[in-house]
Amino acid sequence: MTDIPWVLVTGGALRLGRETSLAFARAGWNVLCHYRHSVQAAQATAQEVKALGMRCVPLAADLTQVGAAAQLFAQCIAAVPEGPRCLVNNASLFEADDATHADEAMLQRHFATNTVAPLLLAHALAAHVKKLPGQAPGLHCVVHVLDQKVHNLNPDYFSYTVSKLALERSVALQAQALAPHVRVCGLSPGLMYPSGPQTTENFRRAATVNLLQRAIDPGDVARAAVFIAENASLNGCTLRADNGQHLVPLARDVMFAIDENRP
Ligand SMILES: NC(=O)c1ccc[n+]([C@@H]2O[C@H](COP(=O)([O-])OP(=O)(O)OC[C@H]3O[C@@H](n4cnc5c(N)ncnc54)[C@H](OP(=O)(O)O)[C@@H]3O)[C@@H](O)[C@H]2O)c1
């Protein structure tokens, strides 16, 4: 067993996942970089991690498949027998619907990716840590990446929102259930990247709808994940890295609200 810890970052190849992989590498962690389709991006992120002097192993899994979480965790153990010290559940599906138009397939896809897989990966980590001799309580942790939306509700992106709400409510439950083997925390970013149908111009305006009136730096969010991983006293809580966006209530998702409120 080496002294250098490993982190598993799901969806670790691009956007916030890439930032998170690099933030952990800068902090002296090796990275298990999970991806689904983005194999080239995962390899590029792995090269960036290696350029920072750390190791990186890309691992593929489609988290909507039955058994995917267990298989992904088994891939981690095959690559790194001591397993990850931290799991960042970052991979996510974000497709547009609203409370009146959610359908079964949409709800199930969002729950599979955004709720079920993160919860099962956390269980797999706890079951693994339980078998390791002499682990200091608080060393291992899970970071469930949430969204400021769960603290600032509106009915847009309904399936996405309820899947993240379930994950947010699970933070305390899993912290209680998986103690003392694994800490479980949430991390709620605000709007960082354009998504779905959003235009660049819409994103530019929406990105500053927060108390600081400036865009949120994904690097700050990624460093908050490292902070949670390295602070053994944090457990069962959720950090909000969103420039205070959760304190700006809107009746609709910000990408729609800014156009509706235009003079
Ligand atoms: N974007 C924002 O502004 C924003 C705001 C608030 C909260 N968040 C949260 O922050 C996190 C990162 O956001 P993001 O925008 O960077 O994420 P993203 O680009 O929407 O998705 C991240 C990765 O998730 C992976 N993924 C999606 N479905 C998957 C599946 N079925 N199985 C395995 N992997 C799957 C994809 O991997 P591949 O590319 O390899 O397929 C994708 O690159 C998410 O949890 C999101 O909810 C984001």
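All of the numbers you see were taken from the coordinates with simple rules; none came from a lab. None of these values were measured; they are calculated from a predicted model. Neighbour counts are summed over all protein chains in view; Cβ atoms, including those assigned to glycine, are modelled from backbone coordinates with ideal geometry.
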Among 137-144, 122-129, 63-70, how do they line up by average Cβ neighbours within 10 Å per residue, starting with the highest?
137-144, 122-129, 63-70
Net charge dipole size for the chain [Lys, Arg +1 and Asp, Glu -1 on Cβ; Debye, nearest 20]
660
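In a shell of Cβ-Cβ distance under 11 Å around residue 160, excluding residue 160 itself, what net charge do Lys and Arg (+1) and Asp and Glu (-1) give? Walk me through the numbers before you get to the answer.
On the way: positive: 109, 149, 164; negative: 95, 97, 98, 147, 156, 253.
Every neighbour counted, the sum reads -3.
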What residues have an amide H closer than 5 Å to that of residue 239, excluding those fewer than 5 places away on the same chain, when H is modeled at 1.01 Å from N in the peptide plane?
186, 187, 188
Could you give the distance between the Cα centres of the range 109-146 and the range 13-30, to the whole Å?
18
Per the Debye formula with a single identical scatterer at each Cα and no solvent contribution, what log10 I(q)/I(0) holds for the chain at q = 0.08 Å⁻¹?
-0.30
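Report, in deg cm²/dmol and to the nearest 500, the calculated mean residue ellipticity at 222 nm for the chain, where each DSSP H run with n ≥ 4 adds -39500 (n - 2.57) and the sum is divided by the residue count.
Numbers: 9 runs with 108 residues, N = 263.
When only DSSP H runs of four or more count, the value is -12500 deg cm²/dmol.
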Quick one: Karplus J couplings for the range 46-63, per residue in order, coefficients 6.51, -1.76, 1.60, θ = phi - 60°, nearest Hz, x for Gly and Pro?
4, 5, 5, 4, 5, 5, 8, x, 10, 8, 8, 10, x, 9, 9, 6, 9, 6
Percentage relative contact order, the range 6-260, counting C-alpha pairs under 8 Å, at least six apart
19
Would you mind pulling out the separation of the Cα centroids of the range 189-263 and the range 33-65, in Å?
25
Between residue 77 and residue 44, how many nm apart are label points set 7 Å from Cα along the C-beta direction?
3.4
